[in-house]
Amino acid sequence: MRRREPALIPPWAPELAEPAADPGPAATYPRQVPEDGGVRARRQTAGPAVRRPRARDIAELVGVSETAVSFALNGRPGISEETRARILSAVAELGFTPNYAARALTGAGSSTIGFVVARAPESIGTESFFLHLVAGIQSTLSARHYGLLFQVVPSVAEELDVYRRWSSERRVDGVVLVDLHQDDARPAALRDLGLAAVLVGGPDPEARLSSVSIDDVAATRLIIDHLAGLGHRRIAYVAGDPALEHVRQRAGAFMGYAGEAGADVVVVPTDFSAQAGSAAVAEQLARTEPPTAIVFENEVLAVAGVGVLKGRDLAVPGDVAVVSFEDGVICAATRPQITALHRQTYRYGAAVAEHLMRQVDGGRPASVVLPPPALVVRGSSDPAVTEDVDPSVF
């Protein structure tokens, strides 16, 4: 009878081995009774440890270097597509998953990007900008097998604490920064910590951080040209927090270009909340010569403002035209629909992540200014527009 050859069992998968022959009835052991009369439990012997497959195992199986395996897993160039496909096939076959904790300890990176927002948690969910931005960032990171570590904190001081903790624990390879303030301590802190970082918005006037921004000056001109073309000369801009750099830059562009267009403009700061937006509109309507058009920093403020106007029996746009700097489903769902700058925020987020990953890969930081968004004219500013925009486009 031909002798059966034993199967070769990989060292990382001993569970594939055939079960041993039944040794028969379990052996009995005398119970050990300690002096105090209690029962001492017999220490159990652990079974054989299961070793996880390693990058070295993948490299040996495919016949490539461990560096090539790293390139394939992280979506980096430097290997052919045929080699990448063979490596990924072996990864799937062996059930390999990278040990990110070990990678971080050896300086290989954590495969994680951090994103901290210092705002009230309830405000994050009301702005579609953040939701689409995060989705765009994650789409790019997922393609590189990177994760996004997102955290909301109540203050910039606590945001800095998070960065210090992440740096000491090697939790992230880089961070996305938003809401740059005047005299902001975060850029210098991130530089001292050695964390790669990209600013959303900007650019940073002190050039401390690279940024991905949208041409807000050109965007402002689109709004003012639209309103001036409809005959508006008294325009109010209900802005956000003036301590934020992007709000300050928008307000400066708004005031500067409105003067060139012959319009009388007033800027009203808010904390981005619907309550503050309603109060700002009520304040403007109380003026001796109230505005005939109001521009809002975002869609939350705009919808709140439309509510105040309707409550005063003022027609939109017959008595007061309304425009929003940010677009979203809520702008298309409001009646009349709200004219807004339509940004491809999802793509914006993807561009932010791509820019940051270039730094993580060793590239030099550089700022990018994206083209201005398109102004989608709707019924809140132009009475001639009656066609609804399908909210599903967002």
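The values are calculated or read from the model by the stated rules, or taken from the named source; none is laboratory data. Remember, predicted model here, so these are calculated numbers, not experimental data. All Cβ positions, even for glycine, are placed from backbone atoms using ideal geometry, and neighbour counts span all protein chains on display.
Tabulated results
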read-out: Those residues of segment 163-178 which are modelled with pLDDT under 90 and under 23 Å from ARG250 (Cβ atoms), in sequence order; value: none
read-out: Unmet criterion (only one of (1) buried (at least 19 other Cβ atoms within 10 Å of the Cβ); (2) at pLDDT 85 or above) for SER142; value: (1)
read-out: Residue among ARG186, ARG165, ARG191, ARG208 that is free of Cβ contacts under 8 Å to residues at least 24 places away in the same chain and within 13 Å of GLY114 (Cβ to Cβ); value: ARG165
read-out: Residue, surrounded by the most Cβ atoms within 10 Å (Cβ to Cβ), within segment 162-179, restricted to residues that are among the aliphatic types (A, V, I, L, M) and closer than 9 Å to LEU195 by Cα; value: VAL172
read-out: Residue list for segment 250-271, restricted to those being surrounded by fewer than 22 Cβ atoms within 10 Å (Cβ to Cβ) and in contact (Cβ under 8 Å) with a residue 40 or more places away in the chain; value: TYR257
read-out: Test: GLU158 is exposed (fewer than 15 other Cβ atoms within 10 Å of the Cβ), of a type in the set (Asp, Glu) and farther than 25 Å from GLY240 by Cβ; value: no
read-out: Filter pass, GLY201 being at pLDDT 90 or above and on the phi > 0 side of the Ramachandran plot; value: no
read-out: Number of the condition not met by VAL198 [criteria: (1) buried (at least 16 other Cβ atoms within 10 Å of the Cβ); (2) more than 21 Å from the chain's Cα centre (by Cα)]; value: (2)
read-out: Residues that are modelled with pLDDT under 95 and touching a Phe, Trp or Tyr at 6+ places or on another chain (Cβ under 9 Å), drawn from segment 278-300; value: GLU297, ASN298, GLU299, VAL300
read-out: Scope segment 343-358; condition crowded, with 19+ Cβ neighbours inside 10 Å and not in a helix (DSSP H, G or I); matching residues; value: ARG343
read-out: Residue that is surrounded by fewer than 21 Cβ atoms within 10 Å (Cβ to Cβ), out of contact with any helix residue (DSSP H, G or I) (no Cβ under 6 Å at 6 or more places or on another chain) and either modelled with pLDDT of 90 or more or over 28 Å from SER211 (Cα atoms) (or both), where the choices are ASP390, ASP327, ASP361; value: ASP390
read-out: One residue from PHE96, PHE71, PHE129 being within 30 Å of SER155 (Cα to Cα) and either at pLDDT 70 or above or part of a loop (DSSP other than H, G, I, E, B) (or both); value: PHE129
read-out: Checklist (1) in a helix (DSSP H, G or I); (2) surrounded by fewer than 21 Cβ atoms within 10 Å (Cβ to Cβ) applied to GLY318, failing item; value: (1)
